[in-house]
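Inspection log for the structure reproduced underneath, given as structure tokens.
The values are calculated or read from the model by the stated rules, or taken from the named source; none is laboratory data. These numbers were taken from a predicted model, which means no experiment stands behind them. Counting neighbours? That spans all protein chains shown, and the Cβs are built from the backbone with ideal geometry, glycine included.
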Amino acid sequence: MAKSISYITGSQLLSLKPRPNIAIIDVRDDERSCDGHIAGSLHYPSGNFYDKISNLAQDVKGKDTLVFHCALSQVRGPSCARKFANYLEEVKEETGIKDILILERGFNGWQSSGRPVCHCNSIPCKGLLAQLVCVACLLPLFLVPIVNLLPLLFDLIMGKIYQLFGWEYRKPERAPPACPIKPVAKKDTKVSEKAEPGQPDSAPEPVGAEGLKKD
């Protein structure tokens, strides 16, 4: 039986999501197909939620934690979570569900925080697309250091080869790797020297007048 209904934050759900004992139930309606969804979530629209509630009970067998959400988790999400809790009390069957939770700020808060969103049309969602997107976003973090290390690795290998033949390997001059952060130009703090009072400013030397004598 479900013990109680409480709230869970997006960061907490992100850490719990990989566990096989948790199920995410999305009760939004048509906006799911347009806005995307949390990878691996089950879709039970609030419009016909009670009619499909027995199907949901079958889909979450083997789970002990359920997380409900709608767009903002203010009306539809909490309402469906309460309906499901009441259903479990009515059927009086041991389902193994220990906690029923509501995602704070709903899907909109999850998405606005930059957490992974899936746009697949699979039923049920397998979450593969979201995983691929996450991997694609992380690729530059690994590729840039690897590319910068390639010249060093080349010099190391060539040095070993030259050493086998008793030769001396001289590293070619290379430009340092480009820095992704452009340094800010420093302002010129040099103060122009001013002429002292009473002294005339020095006149510029004439150009091309050398060797000419005044009459």
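Name the residue that is modelled with the highest pLDDT, counting only residues in the stretch 75-95 that are on the phi < 0 side of the Ramachandran plot and part of a loop (DSSP other than H, G, I, E, B). Taking the candidates together, the pick is V75. When the test is whether a residue is modelled with pLDDT under 95 and touching an Asp or Glu at 6+ places or on another chain (Cβ under 6 Å), K98 passes it. Considering each residue of the stretch 17-38 in turn, at least one proves to be at pLDDT 95 or above and assigned to a loop (DSSP other than H, G, I, E, B).
Residue under question is G106, and the condition is that it be free of Cβ contacts under 8 Å to residues at least 60 places away in the same chain and either touching a Lys or Arg at 6+ places or on another chain (Cβ under 7 Å) or closer than 17 Å to S6 by Cβ (or both); does it hold?
Working: free of Cβ contacts under 8 Å to residues at least 60 places away in the same chain: yes; either touching a Lys or Arg at 6+ places or on another chain (Cβ under 7 Å) or closer than 17 Å to S6 by Cβ (or both): yes.
Considered against the rule, which asks whether it is free of Cβ contacts under 8 Å to residues at least 60 places away in the same chain and either touching a Lys or Arg at 6+ places or on another chain (Cβ under 7 Å) or closer than 17 Å to S6 by Cβ (or both), G106 comes out as yes.
Of a type in the set (K, R), touching a strand residue (DSSP E or B) at 6+ places or on another chain (Cβ under 7 Å) and either under 15 Å from I123 (Cβ atoms) or outside any helix (DSSP H, G or I) (or both): does that describe K63?
Details: of a type in the set (K, R): yes; touching a strand residue (DSSP E or B) at 6+ places or on another chain (Cβ under 7 Å): yes; either under 15 Å from I123 (Cβ atoms) or outside any helix (DSSP H, G or I) (or both): yes.
For K63, the condition - of a type in the set (K, R), touching a strand residue (DSSP E or B) at 6+ places or on another chain (Cβ under 7 Å) and either under 15 Å from I123 (Cβ atoms) or outside any helix (DSSP H, G or I) (or both) - is met.
Taken as a whole, the stretch 48-71 holds at least one residue that is within 16 Å of V117 (Cβ to Cβ), aliphatic (A, V, I, L, M) and either free of Cβ contacts under 8 Å to residues at least 12 places away in the same chain or touching a helix residue (DSSP H, G or I) at 6+ places or on another chain (Cβ under 8 Å) (or both). When you look at L72, is it in a loop (DSSP other than H, G, I, E, B), of a type outside the set (G, A, S) and within 17 Å of Q111 (Cα to Cα), yes or no? When the stated conditions are applied, L72 passes them. Scanning the stretch 96-119 for residues that are in a helix (DSSP H, G or I) and of a type in the set (S, T, Y) yields a single hit, S112. Residues of the stretch 52-101 that are more than 15 Å from A23 (Cβ to Cβ), of a type outside the set (G, A, S) and under 27 Å from the mean Cα position of the chain (by Cα): C70, L72, Q74.
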